[in-house]
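Down below is the structure, laid out as structure tokens.
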Number of protein chains: 2
Amino acid sequence: MDSPKRTTIYDVAREAGVAASTVSRALRNPRRVNAATREHVLQVAERMGYRPSPLATALQSGRTATVAMLVPDITNPHFFGTIKGAERRASAAGITFILSYTEESADNERTQIEHLARSVDGFVLASSRLSDESLWELAEEHNLALVNREVKGLPSAVVDSRVGSRQIVEHLASLGHRSLVYLSGPHQSWPAGERWRGLVDGARGLGMKATRLGPFPPRVVGGGAAADAALVTGATAVVAHNDLLAIGVLRRLAERGVAVPEQVSVVGYDDIFGADFCVPALTTLAGPQDEAGRSAVELLLENRSRSTTRAPDRRVMLPSHLVIRDSTGPAAR
Amino acid sequence: MDSPKRTTIYDVAREAGVAASTVSRALRNPRRVNAATREHVLQVAERMGYRPSPLATALQSGRTATVAMLVPDITNPHFFGTIKGAERRASAAGITFILSYTEESADNERTQIEHLARSVDGFVLASSRLSDESLWELAEEHNLALVNREVKGLPSAVVDSRVGSRQIVEHLASLGHRSLVYLSGPHQSWPAGERWRGLVDGARGLGMKATRLGPFPPRVVGGGAAADAALVTGATAVVAHNDLLAIGVLRRLAERGVAVPEQVSVVGYDDIFGADFCVPALTTLAGPQDEAGRSAVELLLENRSRSTTRAPDRRVMLPSHLVIRDSTGPAAR
DNA sequence: TTGAAAGCGCTAACAG
DNA sequence: CTGTTAGCGCTTTCAA
């Protein structure tokens, strides 16, 4: 809590022998004040240890200089990069960064937005669980930027996983695999759709067969059931919705004595912490998640001024790349 | 950004045929308003979709219903649990949660605090890099709660690592180790001191020899130099400042063809994500980091009201426990 | 129990 | 270029 009394703009004004508005101007619009006056005011302010009140500024101006980022689950390492990138970008712009978790629930996401609406200038929604319709509706009232989700008319920053998925298929094909199984993530997950489409496209082009199983919870624990389901199909190559799930699959396969990559190849997405030291080290589609977070905040800042103007639907697409490690190898037989 | 005009307390007042102050009371002090009036006001507010402005409330009342958490480095998985616990607790109390990174810098930490001072009710400082003196000074003006740091007179929530360190020593002693090397974390790190003291105490009690090396950066990359330094001493047991460093050590030892645990045993702290699937799986001191985050927020909330009153120096100490995996074994020879 | 009125600290017309 | 004035939306005395 703050100390009893803070020095206000009025204290500075009195001390400097000018009006409060002049102090305000000296601080915000330096060019609209006589250089000497400004200098003097600034010195007095400095000497008195004046600190502006963001609250008062925000209440009056409507700008809070704050953005909020909503993330489904903080436990998922997938988001660390995104959060970090977003936080960095916000800090750099002197913007306060609010982080909140929606616990994978669309309702929760909506509630949080309503709750924070008047305290922030905009929202970064990472892997939003909301429907397109809900997002459009919310975008009427709020400044939104999406991460890893594309919705017509809304600004977004996504790491490609469609082209990347094709690369995965090509990689597997070159190893002699004739079919693959995709262990899908949550149904509302936009990337899950992208990945599947990319895999299907790639497979079709190469005369491979692609099967989708799931959905599975995109966490390590989901790997048990996912691996078992995959084995039933007799697949030689398994593509998991993300690295967490892939690591769970790896674990289950080891338990069951299935050799990776000799009997089954495994691929993940995200290249999270641990993907390089699990056993075998995971082949995975890596992407600049931090860039995505950074860009999303940037899109928000661009839109801050024109709340009424229909914001142009800016989309940033970041390239991914396949990191080949030890979990993929020549097809069995 | 918000839509052109939000409904205010005045709109509700007019519509309900009462004064604004009555609306305010109906919302905040339900008991100081006639039951019927209150009911009516609430309904009108509901119908008009009234949402209070946190800014205006904060400006007037001095309470922001917001806390900020400062973390040295978001990249470090060690903090995930703490952040999560803190965020959950804040959410549960309807408190907005601001997250910020200090990039391991004390100056930065101080700047952030000044910057956010007027926007929050208090700060959770996780593994603060500030000196005791700085913290005392800051505590004069701000509401602080520390995580994994104890400072006389300040509220804190820490996961024990002193008693836990003794357990580590006992574990190693029981495996026949006669000496150990501690690969230290940053010098300003409070837990590093605790851990070292715990190890020394434990070693003395058991007639073991304990050596400290470092400091090393508490990240995977720090493991290379740390492992090499440890090997030079001929130690059979290595205790790394945290799991990140331990994983780096494991990696380096593997590179050098040193068998773990046959030739050298390795222990870490934190039980982070990955500690169970690195090779060999890491023996580590685990603790309820999320509880620590939760408690810290709680301490903050307790103190919110009495800013002037010298807050009682409440300390929460959470127990840790040793998780024994495959990186420790009988002493060589 | 309710209303009127005075700000919280700042910004933004509008004059001068 | 600078001062005066009127709020932003809400809470909180003080009276009635």
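Efficiency by 1/(1 + (r/R0)^6): what FRET value for A:Val221 and B:Ala92, r their Cβ-Cβ distance, R0 = 30 Å, to the nearest 0.05? Calculated value: 0.75.
Taking every C-alpha pair closer than 8 Å and separated by at least 6 residues, the mean separation divided by the residue count of chain B gives a relative contact order of 17 percent. Over region B:161-287, Cα pairs under 8 Å with separation of 6+ residues give a relative contact order of 24 percent.
Helical content alone sets the calculated 222 nm signal of the protein assembly as shown at -13000 deg cm²/dmol, taking -39,500 (n - 2.57) per DSSP H segment of four or more residues and averaging over every residue. Averaging Cα coordinates gives a centre for region B:82-100 and one for region A:26-81; these two points are 23 Å apart.
Cα centroid separation, region B:145-215 to region A:244-308: 35 Å. The fewest-to-most ranking of B:Ser61, A:Ser105 by surrounding Cβ atoms within 10 Å reads B:Ser61, A:Ser105.
Normalised by the number of residues in region B:49-190, the mean separation of alpha-carbon contacts (under 8 Å, six or more apart) gives a relative contact order of 20 percent. With both partners inside the protein assembly as shown, how many of the DSSP beta bridges are antiparallel, as a percent to the nearest 5? Among the beta bridges of the protein assembly as shown, antiparallel pairing accounts for roughly 10 percent. With a ≥ b ≥ c the root eigenvalues of the C-alpha gyration tensor of region B:10-165, is it rounded (a/c under 1.5), prolate (a/b larger than b/c) or oblate? Taking the square roots of the gyration eigenvalues as a ≥ b ≥ c, region B:10-165 is prolate. With both labels modelled 7 Å from their Cα along Cα-to-Cβ, the A:Arg32 to A:Glu15 distance reads 2.4 nm. To make sure I understand the rule: partners must be lysines, Cα under 27 Å from the Cα of A:Lys84, and not fewer than 8 residues away in the same chain. Which ones qualify? Partners within reach: A:Lys152, B:Lys84. Taking every DSSP beta bridge that has both ends in chain A, the antiparallel portion is near 10%.
Fewest neighbouring Cβ atoms within 10 Å first, the residues A:His115, A:His187, A:His241 line up as A:His187, A:His115, A:His241.
Taking N as the residue count of the protein assembly as shown, its C-alpha radius of gyration divided by 2.2 N^0.38 Å amounts to 1.07.
A point 7 Å from Cα along Cα→Cβ stands in for B:Gly153, and the other copies hold the same point at 5.9 nm, listed in rising order. Please go through region B:62-163 and write out the trypsin sites (Lys or Arg not before Pro) that DSSP classes as loop and that have at most 15 other C-beta atoms within 10 Å. Those that pass, being in a loop and sparsely packed, are B:Arg63, B:Lys152. Counted by neighbouring Cβ atoms within 10 Å, the residues A:Ile9, A:Ile272 run from fewest to most as A:Ile9, A:Ile272. Is region B:9-61 best put as rounded, prolate or oblate by its Cα gyration tensor, with a ≥ b ≥ c the root eigenvalues, rounded for a/c under 1.5, and otherwise prolate when a/b is larger than b/c, oblate when not? It comes out oblate by the Cα gyration axes.
Read the figures in this text as sums done on the coordinates, not as results from a lab. Because the structure is predicted, anything quoted here is derived from the model rather than measured. Because the Cβ atoms are built from the backbone with ideal geometry, glycine has one as well, and the counts that use them run over all protein chains shown.
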